[in-house]
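Notes to accompany the following structure.
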Amino acid sequence: MWLRVFMDGREHSLHGFKMKEHYFDDLKVGDRFKSDPLEVTEKQVIEFAHKFDPQMFHLTRKSAERTIFKGLIASGWHTAAMTMRLFVQTLNFAEGAIGLGVDELRWPNAVRPGDVLAVETEIVDLRPSRSRPNYGIVRLRNVTTNQRGEIVQTMLANAMVPRRGKVNSDK
């Protein structure tokens, strides 16, 4: 279910509809966006680990049982990638969001096969880009939770997103 929570607490469900493209000018500090859910499968966890993070607690259920985690868990980088997918699908920025950096990234709880993740994005700050007037800089906080409401990732980051219409510039 697509859900946009406005600063004044109003909620707008967009389930079943193609999300409109967002621009910098559509956002307000305090806006919150909630993603659709995404189920994590054992196959996805293992495939990601084989390609990008081949540690024993990500590779096989049997070897993972002998670790501090007592079972198979997703790589934190896999969690970050799934969070990115949900963030991009939910906010659907026109021309995409250009990542400018992550100031904080935390994984307070492990993600396990069968978990169902959702991301809530809060717009923390907005400012026009000084060097690229057709873009704005968005500071955002993503909080990823599982089906039990446990936080599995937090992230504070900046992205450059297009403004609606073109701004005249001497550059």
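Each value in this text was obtained by applying a stated rule to the coordinates, not by laboratory testing. In this text the structure is predicted, and so the values were computed from the model without any measurement. Note that we place each Cβ from the backbone using ideal geometry, even for glycine, and neighbour counts take in every protein chain shown.
When the helices in the chain are scored as -39500 (n - 2.57) per DSSP H run of 4 or longer and the sum is shared across all residues, what 222 nm value do you end up with, to the nearest 500 deg cm²/dmol?
Working: 4 runs with 36 residues, N = 171.
Computed mean residue ellipticity for the chain: -6000 deg cm²/dmol.
Just to be sure I understand the curve: with the Debye formula and one point per C-alpha of the stretch 3-162, what is log10 I(q)/I(0) at q = 0.12 Å⁻¹?
-0.57
Under a crude label model (7 Å from the Cα following the beta-carbon direction), how far is Asn92 from Gln55 in nanometres?
Result for the modelled spin labels: 3.6 nm.
Quick one: Cα centre-to-centre distance for the stretch 95-162 and the stretch 48-83, in angstrom?
About 22 Å separates the Cα centre of the stretch 95-162 from the one of the stretch 48-83.
If you take the beta carbon distance between Arg164 and Lys43 as r and set R0 to 35 Å, what does 1/(1 + (r/R0)^6) give as a FRET efficiency, to the nearest 0.05?
Numbers: r = 41 Å, r/R0 = 1.16.
The formula returns an efficiency of 0.30 here.
For each of Ile68, Ile137, Ile73, count neighbouring Cβ atoms within 10 Å of the residue's Cβ, then give the residues from fewest to most.
On the way: Ile68 8, Ile137 19, Ile73 25.
In increasing order of surrounding Cβ atoms, one gets Ile68, Ile137, Ile73.
Loop only per DSSP, at most 15 neighbouring Cβ atoms within 10 Å: give me the GluC sites (Glu not before Pro) in the stretch 71-160, ordered by residue number.
Values: sites: Glu95, Glu104, Glu120, Glu122, Glu150; in loops: Glu95, Glu150.
Loop-located and lightly packed - Glu95, Glu150.
Pull out the extension gain between Glu150 and Asp36, defined as 0.36 nm times the separation in residues minus the alpha carbon to alpha carbon distance; nm, one decimal. Please list the in-between numbers first.
On the way: separation 114, 0.36 × 114 = 41.04 nm, distance 1.63 nm.
Extending this stretch completely gives an extra 39.4 nm.
How far is helix 42-52 tilted off the main Cα axis of the chain, in degrees rounded to 10, range 0 to 90?
Once rounded, one gets 80 degrees.
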